[in-house]
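For reference, the structure is listed below as structure tokens.
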Amino acid sequence: MHDATKCVKAPEVSEDGYASLTVPTHRASTIVFESAADYATRSQRDLDGYSYGLHGTPTSRVLEAQLTALEGGKHTVLLPSGQSAIAVAMLSVLRPGDTVLIPDSVYPPVTGFCRDFLAPLGIGHDIYRPDASDLEAKITGSVRLIWAESPGSTTMEVQDIPAIAALAKARGILTGIDNTWATPLYLKPLALGVDLSMQALTKYPGGHSDLLMGSVTVADSDLRKGLRDTMRMLGLGVSPDAVALVLRGLQTMSVRLAHSGRIALGLAERIAARGEGLEVLHPARPGSVGHDLWKRDFAGASGVFSVVLPEAAEPKLEAALNGLRVFALGASWGGTRSLIAPMSVAGARVNDHPRNARTILRLSIGLEDPADLTADVDTLFDALR
Ligand SMILES: Cc1ncc(COP(=O)(O)O)c(C=O)c1O
């Protein structure tokens, strides 16, 4: 062989005696075949095999298998973000003429996706109350999917997932859930009767605010085929390097989650104890919306909760937030840095609730020293008093 060929054709080296604890990062667009016959017969439609980098590498298969085991499902697909995981979950089961029901407390871009993307395709949507009190009345013959998110974005309402799943199942309707807050460590939606369990791996599984990814786990082979067909049609896959980061993050997730959850609950109690017209929304606090459901269905609480501010605090908010020394201002969560985000949900909600008119601070607790976080929280709420 000439030098140019030697430059591009990697020599074979022995792997005998090599064992490591890490998952190799297989970067690939092209997959090559062992023989002409293999090339002729191997198909992109073989969902477990390898045909093109977009459709999976041994690296992504490891993460899929790990998430499948955690969610208690049979198959997982990986998408480039949490939002794309929601979009693909919906597109994989909805057809023109169908309707999807979403809770009023859903991650707001989901409402936008239904309104601005699904509706022009002839796919309808309707919005139900997070407590599902109006859900049955909204079930028409066209409803194909009921989406849930528990606890809800920002307002943290816990939903009765087994009841929603049972209601749907009795009518031949599919259910899907955004399981990002709890992660499968603290909630197992498939065991509660849900068909599609989605997570933004961007948050706790990634864990370091340096990647974007989403997943959908199912127990049904037809649902898996629908997901993979939709991904193939849209050309969606994930980067092996991002997968490697999630595989790394996942290894410490149980410890990070337990720590952040414990510190977050302590801070929530501390803020609630101030009174001062503050309303703390944290599912693990008795009295919070859906606390009993949380106790029944969840194995723990992660590090994200919200505080509704009284009207009198509003004029002081900007200066108070600018005075933070440890918390960073940001709307994401699940990383090592604690974040705070002032949220206004009024524009995103259909149903009236007094808190919807207020500013809601969403806090995500990270891994800083709890004493520093406590001092920052005290300074913030002193400034808002
Ligand atoms: C509850 C929830 N679901 C989904 C997403 C979307 O995830 P991503 O940012 O990876 O698209 C987010 C992001 O903030 C979220 O908070």
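The values are calculated or read from the model by the stated rules, or taken from the named source; none is laboratory data. What you see is a predicted model; the values in this text were computed from it and never measured. Quick reminder, even Gly has a Cβ in these numbers, built from the backbone with ideal geometry, and neighbours come from all protein chains shown.
Across the stretch 165-179, what is the total count of residues that are out of contact with any Gly (no Cβ under 6 Å at 6 or more places or on another chain) and either part of a loop (DSSP other than H, G, I, E, B) or crowded, with 20+ Cβ neighbours inside 10 Å (or both)?
Qualifying residue count, the stretch 165-179: 10.
Condition check ((1) assigned to a helix (DSSP H, G or I); (2) within 16 Å of the ligand (Cβ to nearest atom)) across all residues:
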residue	(1), (2)
Glu64	yes, no
Leu91	yes, yes
Thr111	yes, yes
Cys114	yes, yes
Ile146	no, no
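Write out, first by first residue and then by second, each pair whose Cβ atoms fall under 6 Å of each other, whose residues are 6+ apart or on separate chains, and whose first residue, in the stretch 150-174, is on the phi < 0 side of the Ramachandran plot while the second is aromatic (Phe, Trp, Tyr).
Matching pairs, first to second residue: Pro151/Trp181; Ser153/Tyr107; Val158/Trp294.
Give me the residue from the stretch 334-371 that is of a type in the set (D, E, K, R) and in a loop (DSSP other than H, G, I, E, B) and, out of that set, nearest to Ser153 (Cα to Cα).
Within the stretch 334-371, the match that is nearest to Ser153 (Cα to Cα) is Arg349.
Between Ala301, Ala331, which is assigned to a loop (DSSP other than H, G, I, E, B) and at pLDDT below 95?
Answer to the selection: Ala331.
Of the residues Asp126, Asp134, Asp116, which is without any contact (Cβ under 8 Å) to a residue 60 or more places away in the chain, closer than 28 Å to Pro286 by Cα and out of contact with any Gly (no Cβ under 8 Å at 6 or more places or on another chain)?
One residue alone meets the criteria, Asp134.
Is there a residue in the stretch 316-328 that is among the polar types (S, T, N, Q), within 15 Å of the ligand (Cβ to nearest atom) and at pLDDT 95 or above?
Scanning the stretch 316-328 turns up no residue that is among the polar types (S, T, N, Q), within 15 Å of the ligand (Cβ to nearest atom) and at pLDDT 95 or above.
From (1) within 13 Å of the ligand (Cβ to nearest atom); (2) more than 25 Å from Leu247 (Cα to Cα); (3) not basic (Lys, Arg), pick out the condition that doesn't hold for Glu136.
Of everything listed in (1) within 13 Å of the ligand (Cβ to nearest atom); (2) more than 25 Å from Leu247 (Cα to Cα); (3) not basic (Lys, Arg), Glu136 misses just condition (1).
Of all residues in the stretch 226-240 being out of contact with any Leu (no Cβ under 7 Å at 6 or more places or on another chain) and away from the ligand (no atom under 16 Å from the Cβ), which is nearest to Gly303 (Cα to Cα)?
Result: Pro240.
So, in the stretch 180-214, exactly how many residues are within 14 Å of the ligand (Cβ to nearest atom) and either charged (D, E, K, R) or part of a loop (DSSP other than H, G, I, E, B) (or both)?
Final tally of qualifying residues: 17.
Just one of (1) closer than 26 Å to Ile164 by Cβ; (2) touching a residue at least 40 places away in the same chain (Cβ under 8 Å); (3) not in a helix (DSSP H, G or I) trips up Gly261, so point out which.
(3)
Suppose we filter Val100, Val62, Val23, Val8 for residues that are modelled with pLDDT of 95 or more and touching a strand residue (DSSP E or B) at 6+ places or on another chain (Cβ under 7 Å); which single one remains?
Only one candidate passes the filter, namely Val100.
Return only the number of the condition from (1) within 16 Å of the ligand (Cβ to nearest atom); (2) in a loop (DSSP other than H, G, I, E, B) that Thr217 does not satisfy.
Unmet for Thr217, out of (1) within 16 Å of the ligand (Cβ to nearest atom); (2) in a loop (DSSP other than H, G, I, E, B): (2).
Say whether the condition of being among the aliphatic types (A, V, I, L, M) and surrounded by fewer than 19 Cβ atoms within 10 Å (Cβ to Cβ) is met by at least one residue in the stretch 94-111.
No: zero hits.
Would you be able to tell me the number of residues in the stretch 115-126 that are among the aliphatic types (A, V, I, L, M) and buried (at least 19 other Cβ atoms within 10 Å of the Cβ)?
Of the residues in the stretch 115-126, 2 are among the aliphatic types (A, V, I, L, M) and buried (at least 19 other Cβ atoms within 10 Å of the Cβ).
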